[in-house]
Amino acid sequence: MHDSLRYLQNFINSNIPMARNMDIQALAYSGDAIRLSAPLVGNTNHHATAFGGSIATLGIVAGWSLIHLRMLEEKISADLVVNKTECSFLKPVRADFEAHCSFHHTWQPFKQELMEQGRARLVLSSQIICQQQTVAELSSSYAARLDRPSE
């Protein structure tokens with residue numbers, strides 16, 4: 001496992017109880033894209049398909065993780081939160097599922113605004129994939145604020 005993925009997996013398991021309980025796994029990270037997964041078992045609803053909250057959470061955590069890891073790589077210390085998400089559920093999820101998220105040329109403008117203004121927002125899209133089909137799409141807005149030095 002790549003060092004960034006190992007770090008992310010440990011961070012998720014230690015700091016995001018919901019993600020830990022969902023058994024979210026960090027699969028791949030390239031600097032510009034990330035893939036996370038969750039098993040169907042433990043994330044089901046009363047129809048024996050994936051619970052919508054689990055699907056949305058996986059997409060949100062994917063976007064947050066992508067930004068978080070990139071900020072670490074570039075030694076940017078900032079608070080990062082999701083502040084809005086819209087999710088479209090396209091098909092029932094009947095097996096393990098993944099979230100795919102990438103920057104698509106949005107990192108540099110976000111980073112520039114964050115460094116110049118001390119805060120910035122970034123909208124990322126995540127695709128939820130199950131059995132090689134897109135089953136949900138999310139658009140999530142993340143807000144970052146540079147850490148302030150202690151006085």
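The values are calculated or read from the model by the stated rules, or taken from the named source; none is laboratory data. These figures come from a predicted structure and were not determined experimentally. No Cβ is skipped: glycine too gets one built from the backbone with ideal geometry, and neighbour counts run over all protein chains shown.
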Criterion: more than 14 Å from residue 23 (Cα to Cα) and surrounded by 19 or more Cβ atoms within 10 Å (Cβ to Cβ) - qualifying residue of 80, 66, 72: 66
Long-range neighbours under 8 Å by Cβ, at least six apart or interchain, first residue within 24 Å of residue 60 (Cβ to Cβ) within the range 110-125, second modelled with pLDDT under 95 and surrounded by 15 or more Cβ atoms within 10 Å (Cβ to Cβ): 122/106; 123/106; 124/106
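So that you can scan it fast, the table gives a plain yes or no per residue for (1) modelled with pLDDT of 95 or more; (2) over 13 Å from the mean Cα position of the chain (by Cα); (3) assigned to a loop (DSSP other than H, G, I, E, B):
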site	(1), (2), (3)
42	yes, yes, yes
48	yes, yes, yes
54	yes, no, no
57	yes, no, no
67	yes, no, no
72	yes, yes, no
82	yes, no, no
85	yes, no, no
Residues satisfying the stated conditions in the range 140-151, i.e. surrounded by fewer than 20 Cβ atoms within 10 Å (Cβ to Cβ), touching a strand residue (DSSP E or B) at 6+ places or on another chain (Cβ under 8 Å) and more than 24 Å from residue 54 (Cβ to Cβ): 145, 146, 147
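Being of a type in the set (Ser, Thr, Tyr), surrounded by fewer than 16 Cβ atoms within 10 Å (Cβ to Cβ) and free of Cβ contacts under 8 Å to residues at least 24 places away in the same chain: is that true of residue 14 here?
When the stated conditions are applied, residue 14 passes them.
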Residue check for residue 94: of a type in the set (D, E, K, R) and either within 20 Å of residue 44 (Cα to Cα) or touching a Lys or Arg at 6+ places or on another chain (Cβ under 6 Å) (or both): yes
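Residue-wise test of (1) of a type in the set (Asp, Glu); (2) in contact with a strand residue (DSSP E or B) (Cβ under 7 Å, 6 or more places away or on another chain); (3) part of a strand (DSSP E or B).
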| residue | (1), (2), (3) |
| --- | --- |
| 95 | no, yes, no |
| 113 | yes, yes, no |
| 126 | no, yes, yes |
| 135 | no, yes, yes |
| 138 | no, yes, yes |
Residue in the range 23-34 that is charged (D, E, K, R), over 22 Å from residue 106 (Cβ atoms) and in a helix (DSSP H, G or I) present: no
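Could you list, in sequence order, all residues of the range 103-135 that are loosely packed, with under 15 Cβ neighbours inside 10 Å and modelled with pLDDT under 95?
Once the filter is applied, which keeps residues that are loosely packed, with under 15 Cβ neighbours inside 10 Å and modelled with pLDDT under 95, the range 103-135 yields 104, 105.
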Options 59, 42: the member that is surrounded by fewer than 13 Cβ atoms within 10 Å (Cβ to Cβ) and under 23 Å from residue 28 (Cα atoms): 42
Near pairs, Cβ below 7 angstrom, 6+ apart or cross-chain, from the range 73-90 (under 14 Å from residue 147 (Cβ atoms)) to any residue that is β-branched (Val, Ile, Thr) and modelled with pLDDT of 95 or more: 80/67
From 95, 33, residue being surrounded by fewer than 21 Cβ atoms within 10 Å (Cβ to Cβ) and touching a His at 6+ places or on another chain (Cβ under 8 Å): 33
